[in-house]
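The values are calculated or read from the model by the stated rules, or taken from the named source; none is laboratory data. If you're wondering where the values come from, they're calculated on a predicted model, not measured in any experiment. Because the Cβ atoms are built from the backbone with ideal geometry, glycine has one as well, and the counts that use them run over all protein chains shown.
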Amino acid sequence: MLKSRRTLLVPLAAVLVAAAGCGSGTSDDPGQAPADRASAVHHDKLPQQFKDSGVIRFAGDSHPPYRIVGGDGKTVTGVDQDLQRALGAVLGVRTEITIVPGLPAALSGMLSGRYDGFNGPVKDTAEREEKFDAIVWMVTRTAYLIPESGPRDVKASSDLCGKRVAAVDGSIVQDQLTRLARWCADKGKPAVQFVGFADTNGTILAAKSGRVDAAGMTESAALDAMAAEKGKFTYVTQTDEQGAGVDQLAMLVPKSSGLGPVMLEAFKEIFANGQYAKIMKQYGLENVAVDQPKLNTAAQR
């Protein structure tokens, strides 16, 4: 028995050292969590497949500031990279991100076993919870990015009635646009026209080129786009009356993997050790942070 235990501890120690080596390796790195006794405890709770592989594979589309894809199409920086490294350090595993063309590809990729998780931000819904565990870690409101060269009459979200608006296919924003279109119709105005794209970059380019009047996205993504190209955009946000509300956004992992409950505990750890707050502050996301992570909130409503 002693020999077996020693055999297990050696690779675990190597994994913890590798996890601690991710990021800059400094204590000020918000994507860096300490590989300590808590990491070993959480690692022990992982389903065997993750202990064996030593890695959790995430899918992600291009969606600044969550996933900022480099010129090579593979290098990824942003919230996801930092958050996943922090979670990986707690769990004693490496994390990897593969860029995919939108939400449908991420969902189907997880169900087929190519990926182990998708960090969204994606809305937690009862339908998704049938196949995925959803760990809620932030909230949002939908924003509509308006290029300065675009329509001059859009001063509020109500002015989008009758306009062409781009958003990512299958995203939370598409659902929000459906509600806005319904509100427009109830007010006797022409409906918003949805134009689907694979990722957020595509929606922004469509708005800049005049193919659409506005680009719908999370408010944090709109703020990031405005910071990246100062003076090029304004934005408006959807109101509660128009069906916006505050949606619960989650990381999804397939239920079949058994990873969900362990990932929830890892999230709780980075909330407790301050990593979550540091990451959210670094990217200016304090206003959409939550007090505690939650599992499968749609089923609880």
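Within the stretch 135-153, the residues that satisfy the criterion of being in contact with a helix residue (DSSP H, G or I) (Cβ under 6 Å, 6 or more places away or on another chain) and among the aliphatic types (A, V, I, L, M) are I135, V136, M138, V139, A143, L145. Taking the conditions (1) farther than 30 Å from G109 by Cβ; (2) outside any strand (DSSP E or B) in turn, S256 satisfies each one other than (1). In summary, P65 fulfils each of the numbered conditions (1) modelled with pLDDT under 95; (2) over 23 Å from V139 (Cα atoms) with the single exception of condition (2). Just one of the listed residues (A215, A250, A244) is within 26 Å of R182 (Cβ to Cβ), modelled with pLDDT under 90 and either buried (at least 22 other Cβ atoms within 10 Å of the Cβ) or hydrophobic (A, V, I, L, M, F, W, C) (or both), and it is A244.
Of all residues in the stretch 219-263, those satisfying the criterion of being closer than 26 Å to G117 by Cβ and acidic (D, E) are E219, D224, D247. Considering only the stretch 259-276, state which residues are crowded, with 17+ Cβ neighbours inside 10 Å and of a type in the set (G, A, S). Matches in the stretch 259-276: G260, A266.
Between A143, A156, A166, which is out of contact with any Phe, Trp or Tyr (no Cβ under 6 Å at 6 or more places or on another chain) and either closer than 26 Å to L285 by Cα or surrounded by fewer than 17 Cβ atoms within 10 Å (Cβ to Cβ) (or both)? Show your work before the answer.
On the way: A143 fails: out of contact with any Phe, Trp or Tyr (no Cβ under 6 Å at 6 or more places or on another chain); A166 fails: out of contact with any Phe, Trp or Tyr (no Cβ under 6 Å at 6 or more places or on another chain).
Going through A143, A156, A166 in turn, the sole match is A156.
Looking only at residues of the stretch 49-83 that are out of contact with any Phe, Trp or Tyr (no Cβ under 9 Å at 6 or more places or on another chain) and assigned to a strand (DSSP E or B), we find that the one that is farthest from G274 (Cα to Cα) is V69.
Based on this model, can you work out whether D80 counts as surrounded by 24 or more Cβ atoms within 10 Å (Cβ to Cβ), free of Cβ contacts under 8 Å to residues at least 60 places away in the same chain and acidic (D, E)?
So D80 fits the description; yes.
Of all the listed residues (A167, A106), the sole one being touching a Gly at 6+ places or on another chain (Cβ under 8 Å) and within 16 Å of T218 (Cα to Cα) is A167.
So that you can scan it fast, the table gives a plain yes or no per residue for (1) under 23 Å from Q81 (Cβ atoms); (2) of a type in the set (A, V, I, L, M); (3) out of contact with any Leu (no Cβ under 7 Å at 6 or more places or on another chain):
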position	(1), (2), (3)
V122	yes, yes, no
A156	no, yes, yes
R164	no, no, yes
L180	no, yes, no
C184	no, no, yes
G188	no, no, yes
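In the condition set (1) assigned to a helix (DSSP H, G or I); (2) in contact with a helix residue (DSSP H, G or I) (Cβ under 6 Å, 6 or more places away or on another chain); (3) polar (S, T, N, Q), Q242 is compliant with all but (1). Among the residues of the stretch 229-239, those that are crowded, with 20+ Cβ neighbours inside 10 Å and in a strand (DSSP E or B) comprise F233, Y235.
Cβ-Cβ distances below 8 Å connect no pair with a first residue in the stretch 234-258 that is without any contact (Cβ under 8 Å) to a residue 60 or more places away in the chain, a second residue that is of a type outside the set (F, W, Y) and in a strand (DSSP E or B), and a separation of six or more residues or different chains.
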